[in-house]
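Q: There's a structure below that I have some questions on.
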Amino acid sequence: MSKIKTIGLLTSGGDAPGMNAAIRAVTRAGIYNDFTVKGIYRGYEGLINGEMKTLTTEDVSGIINRGGTILKTARSMEFMTPEGMQKAYETCKREEIDALIVIGGNGSLTGARDFGMEFDFPVIGLPGTIDNDLYGTDATIGYDTTMNTIMECVDRIRDTANSHERIFFVEVMGRDAGYLAMNAALACGAEAAIVPEEVTNEDQLAEFMKRGIRKSKKSCIVIVSESQKCGAMYYAERVKKEFPGFDVRVSILGHLQRGGTPSARDRVLASVLGVAAIEAIKMGQRNMMIGIHHNDAALVPFTEAIRTDKFFDKRLLEVLNELSI
Ligand code: F6P
């Protein structure tokens, strides 16, 4: 195996608060360990088109506290094609990039795995997504900040919900995963959460209405995971039709959940994982995501990380139920 001198670094997929802290950590740990770190712009698109810059330690100054990603990001369709991947590989050869570090979510790490396998190329992934849906890591970079953002928003919604004695359906992101919805509901003292992991979505509402929308007060907040078919609007419409006595409103939090200053927890996580990514490259690791497990960096093979059956603790729905009397 030839010695790795130059590492290409990119962020891909949905941006997540803390990605900049990870870019900083990888760059500084890379330089500290005598690597050249090339920052690739716009994710895999930039890798295909050769858009990059060698990062200096100054380039990553003053970014630990900034949301988004200074390297920009994209969801590249071209990279999913054999031709696109080939172009990306040609860029690596031309730019003398010997290894890649990819910060992103499920789709991005799937691309990382495919690229690594196709060209026998060393790739290390960092879990960067607000959805927290990667297997083998207790948390993903961005999840904690987004949880806090949702909590702040729902606290505000609670004021008006209380004043008007209304039911609010608040829709949060998460793609196909309910971690944000479930845990935000607990953190906000919401009355219910509707999550994709509980397969019978319709019944979730029926059951919730049956047990009494609110026992001790007339307002209530239900956190709903985003969904094409059964998002917050769907449930609000159903309540309007089936329980016309209630005053119902919807709030879809949308992309404001992805922005903002990263939390302390996300900054620390990103810093620890960024350093561990460089360490993994030094140790000759490849095709691995660096996750966090029991407060320690853990190597997770890409094929594991992108599994779709990460443990979802449904007992938390019971906890929510019990605490919303
Ligand atoms: O994966 C992160 C995420 O924010 C999901 O929660 C959401 O479904 C999706 O990205 C939205 O993507 P986009 O910004 O491309 O619309």
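Q: Mind checking which residues of segment 37-75 are open to solvent by less than 20 Å² (accessible area, probe 1.4 Å) and either part of a helix (DSSP H, G or I) or closer than 15 Å to LYS87 by Cα (or both)?
A: Once the filter is applied, which keeps residues that are open to solvent by less than 20 Å² (accessible area, probe 1.4 Å) and either part of a helix (DSSP H, G or I) or closer than 15 Å to LYS87 by Cα (or both), segment 37-75 yields ILE40, GLY43, TYR44, GLY46, LEU47, ILE48, VAL60.
Q: Here's a check for you: in segment 114-132, which residue that is in contact with a Pro (Cβ under 9 Å, 6 or more places away or on another chain) and open to solvent by less than 30 Å² (accessible area, probe 1.4 Å) is nearest to the ligand (Cβ to nearest atom)?
A: Initial filter on segment 114-132 (in contact with a Pro (Cβ under 9 Å, 6 or more places away or on another chain)): 116, 118, 130.
Subsequent filtering for residues that are open to solvent by less than 30 Å² (accessible area, probe 1.4 Å) retains 116, 130.
Working: GLY116: 21, ILE130: 5 Å.
Among them, the one singled out is ILE130.
Q: Kindly provide the set of residues from segment 170-213 that are open to solvent by 40 Å² or more (accessible area, probe 1.4 Å), modelled with pLDDT under 90 and not acidic (Asp, Glu), ordered by number.
A: If the condition is that a residue be open to solvent by 40 Å² or more (accessible area, probe 1.4 Å), modelled with pLDDT under 90 and not acidic (Asp, Glu), then VAL199, THR200, ALA206, LYS210, ARG211 are the ones that fit.
Matching residues to (1) of a type in the set (D, E, K, R); (2) over 30 Å from MET19 (Cβ atoms); (3) under 18 Å from the mean Cα position of the chain (by Cα):
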position: LYS229; (1), (2), (3): yes, yes, no
position: TYR235; (1), (2), (3): no, yes, no
position: LYS240; (1), (2), (3): yes, yes, no
position: LEU253; (1), (2), (3): no, no, yes
position: GLY259; (1), (2), (3): no, no, yes
position: GLY274; (1), (2), (3): no, no, yes
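Q: Going by the structure shown, is ILE103 open to solvent by less than 60 Å² (accessible area, probe 1.4 Å) and assigned to a strand (DSSP E or B)? Lay out the reasoning, then the answer.
A: Working: open to solvent by less than 60 Å² (accessible area, probe 1.4 Å): yes; assigned to a strand (DSSP E or B): yes.
Here the answer is yes, as ILE103 does meet what is asked.
Q: Pick out the one residue from LEU299, LEU317, LEU269, LEU273 that is surrounded by 15 or more Cβ atoms within 10 Å (Cβ to Cβ), at pLDDT below 95 and away from the ligand (no atom under 16 Å from the Cβ). I'd like the intermediate steps shown before the answer.
A: Working: LEU299 fails: at pLDDT below 95; LEU269 fails: at pLDDT below 95; LEU273 fails: at pLDDT below 95.
Only one candidate qualifies: LEU317.
Q: Based on what the data block shows, is GLY111 open to solvent by less than 50 Å² (accessible area, probe 1.4 Å), within 16 Å of the ligand (Cβ to nearest atom) and closer than 16 Å to LEU273 by Cβ? Break it down stepwise before answering.
A: Working: open to solvent by less than 50 Å² (accessible area, probe 1.4 Å): yes; within 16 Å of the ligand (Cβ to nearest atom): yes; closer than 16 Å to LEU273 by Cβ: no.
Spelling it out, it is not the case that GLY111 is open to solvent by less than 50 Å² (accessible area, probe 1.4 Å), within 16 Å of the ligand (Cβ to nearest atom) and closer than 16 Å to LEU273 by Cβ.
Q: Has segment 20-36 got at least one residue that is touching a strand residue (DSSP E or B) at 6+ places or on another chain (Cβ under 8 Å), more than 13 Å from ALA270 (Cβ to Cβ), assigned to a helix (DSSP H, G or I) and among the aliphatic types (A, V, I, L, M)? Steps first, answer last, please.
A: First, the residues of segment 20-36 that are touching a strand residue (DSSP E or B) at 6+ places or on another chain (Cβ under 8 Å): 21-23, 26-27, 30-31, 35-36.
Imposing the further condition that a residue be more than 13 Å from ALA270 (Cβ to Cβ) reduces the set to 30-31, 35-36.
Those still in the list that are assigned to a helix (DSSP H, G or I) too: 30-31.
Now drop any that are not among the aliphatic types (A, V, I, L, M), which leaves 31.
So far as segment 20-36 goes, yes, one or more of its residues are touching a strand residue (DSSP E or B) at 6+ places or on another chain (Cβ under 8 Å), more than 13 Å from ALA270 (Cβ to Cβ), assigned to a helix (DSSP H, G or I) and among the aliphatic types (A, V, I, L, M).
Q: Moving to a separate point now. Cβ contacts < 6 Å: first residue β-branched (Val, Ile, Thr), restricted to segment 66-86; second residue open to solvent by less than 60 Å² (accessible area, probe 1.4 Å) and within 13 Å of the ligand (Cβ to nearest atom), any location; separation 6+ or different chain. Result?
A: Matching pairs, first to second residue: THR69/THR11; THR69/ASP15; THR69/MET19; THR73/THR11; THR73/SER12; THR73/ASP15; THR73/GLY43.
Q: Assuming GLY284 fulfils every condition listed in (1) under 20 Å from ALA25 (Cα atoms); (2) touching a residue at least 60 places away in the same chain (Cβ under 8 Å); (3) surrounded by 15 or more Cβ atoms within 10 Å (Cβ to Cβ) apart from one, which condition is it?
A: Against the list (1) under 20 Å from ALA25 (Cα atoms); (2) touching a residue at least 60 places away in the same chain (Cβ under 8 Å); (3) surrounded by 15 or more Cβ atoms within 10 Å (Cβ to Cβ), GLY284 comes up short only on (3).
Q: Somewhere in segment 79-96, is a residue open to solvent by less than 50 Å² (accessible area, probe 1.4 Å) and within 16 Å of the ligand (Cβ to nearest atom)?
A: yes
Q: Could you check GLY274 against (1) outside any helix (DSSP H, G or I); (2) out of contact with any Ser or Thr (no Cβ under 7 Å at 6 or more places or on another chain); (3) touching a residue at least 12 places away in the same chain (Cβ under 8 Å) and say which number it fails?
A: (1)
Q: In this structure, is SER227 touching a Ser or Thr at 6+ places or on another chain (Cβ under 6 Å) and either among the small types (Gly, Ala, Ser) or without any contact (Cβ under 8 Å) to a residue 60 or more places away in the chain (or both)? Outline the logic, then answer.
A: Working: touching a Ser or Thr at 6+ places or on another chain (Cβ under 6 Å): no; either among the small types (Gly, Ala, Ser) or without any contact (Cβ under 8 Å) to a residue 60 or more places away in the chain (or both): yes.
Taking the combined requirement at face value, the residue does not satisfy it.
The values are calculated or read from the model by the stated rules, or taken from the named source; none is laboratory data. Quick caveat: nothing in here was measured; it's all calculated off a predicted structure. Glycine also receives a Cβ, built like all others from the backbone with ideal geometry; neighbour counts cover every protein chain displayed. Each accessible area value is taken on the protein alone, full model and side chains, heavy atoms only, with ligands, DNA and RNA left out. Shrake-Rupley method; radii C 1.70, N 1.55, O 1.52, S 1.80 Å.
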